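Have a look at the structure below, then the notes.
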Amino acid sequence: MKILKNSFVVASTLVIALSSPAFAAGDVARGQEIAAGVCAGCHNPDGNSIIPINPSLAGQHAEYITKQLMDFKAEEGEKPNRNSPVMASMVAPLSQQDMEDVAAYYAAQTPEPAGNISSDEDLLEMGKIMYHGGNIENGVPACASCHGPTGTGIPPHYPALAAQHAEYTYTQLDLFNKAERGNDNGVMQKVLTRMSGAEKRAVAEYIQSMDVQ
């Protein structure tokens, strides 16, 4: 497998035209109140989830969180852009302002390491190679080209990934691969169709091992 040496080589060939609504700055204090009543059970009060299948939200970009919350909400007579019965019920009573407030609160929290890092050094090395270099032979761009070399992401479209639970990351990669999640204009679907199951697992485990910034 030929590996990209420069994490931005493949990215230069991946032209992405994304658009998102403009979001106002949320109220952190009000967001904390809403999060305590709606979100804390699954994501922890400070957004550092201790449940591997539920994402950590602490330190995530506010614009990204807001968009995901809005995508979970079904408009009258239409399906939500992101399918999750659990999240759909959570966001149903929330207004856009509520979502922006919650997003502002979680963005202001300090992310913490997820813990339980894999001891499989070969797996982590494969994940590191995929994250920083991609797989030029199969046309897989480096994750770092969109999510940054340290996993801090590029707002508003590309989320921070460093220290995210491997189980959650792997599940989302699999959903993109199966076209069961497509609220990103198909960008991740194009990438995931070229990745093997082993590569998905490896990069998910490596992401969890990354230091939070």
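Each row is one residue, and each column tells you yes or no for (1) of a type in the set (A, V, I, L, M); (2) open to solvent by less than 10 Å² (accessible area, probe 1.4 Å); (3) not in a loop (DSSP other than H, G, I, E, B).
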{"site": "GLY127", "(1), (2), (3)": "no, yes, yes"}
{"site": "THR150", "(1), (2), (3)": "no, no, no"}
{"site": "ALA162", "(1), (2), (3)": "yes, no, no"}
{"site": "GLU167", "(1), (2), (3)": "no, no, yes"}
{"site": "GLU180", "(1), (2), (3)": "no, no, no"}
{"site": "GLN189", "(1), (2), (3)": "no, no, yes"}
{"site": "ARG201", "(1), (2), (3)": "no, no, yes"}
{"site": "ASP211", "(1), (2), (3)": "no, no, no"}
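Could you please let me know if GLN172 is open to solvent by less than 50 Å² (accessible area, probe 1.4 Å), touching a Lys or Arg at 6+ places or on another chain (Cβ under 7 Å) and at pLDDT 95 or above?
yes
Residue-wise test of (1) over 16 Å from the mean Cα position of the chain (by Cα); (2) at pLDDT below 95; (3) closer than 18 Å to ILE34 by Cα; (4) among the charged types (D, E, K, R).
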site: ALA58; (1), (2), (3), (4): no, no, yes, no
site: GLU100; (1), (2), (3), (4): yes, no, yes, yes
site: TYR105; (1), (2), (3), (4): yes, no, yes, no
site: GLU121; (1), (2), (3), (4): yes, no, no, yes
site: GLY127; (1), (2), (3), (4): yes, no, no, no
site: PRO141; (1), (2), (3), (4): yes, no, no, no
site: THR150; (1), (2), (3), (4): no, no, no, no
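Got a sec? Which of SER95, SER84 is under 23 Å from GLY59 (Cα atoms), under 17 Å from the mean Cα position of the chain (by Cα) and among the small types (Gly, Ala, Ser)?
SER84
Per-residue answers, yes or no, for (1) of a type in the set (Ser, Thr, Tyr); (2) open to solvent by less than 80 Å² (accessible area, probe 1.4 Å); (3) in contact with a Lys or Arg (Cβ under 8 Å, 6 or more places away or on another chain); (4) not in a loop (DSSP other than H, G, I, E, B):
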residue: ALA29; (1), (2), (3), (4): no, yes, no, yes
residue: PRO52; (1), (2), (3), (4): no, yes, no, no
residue: TYR64; (1), (2), (3), (4): yes, yes, no, yes
residue: ALA74; (1), (2), (3), (4): no, yes, no, no
residue: GLU78; (1), (2), (3), (4): no, no, no, no
residue: LEU94; (1), (2), (3), (4): no, yes, yes, no
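The values are calculated or read from the model by the stated rules, or taken from the named source; none is laboratory data. Everything quoted here is computed from the prediction, not taken from an experiment. As a convention, Cβ positions derive from the backbone with ideal geometry for all residues, glycine included, and neighbour counts pool all protein chains shown. Just the protein is used for accessible areas: all its heavy atoms, side chains included, with ligands, DNA and RNA removed. Shrake-Rupley method; radii C 1.70, N 1.55, O 1.52, S 1.80 Å.
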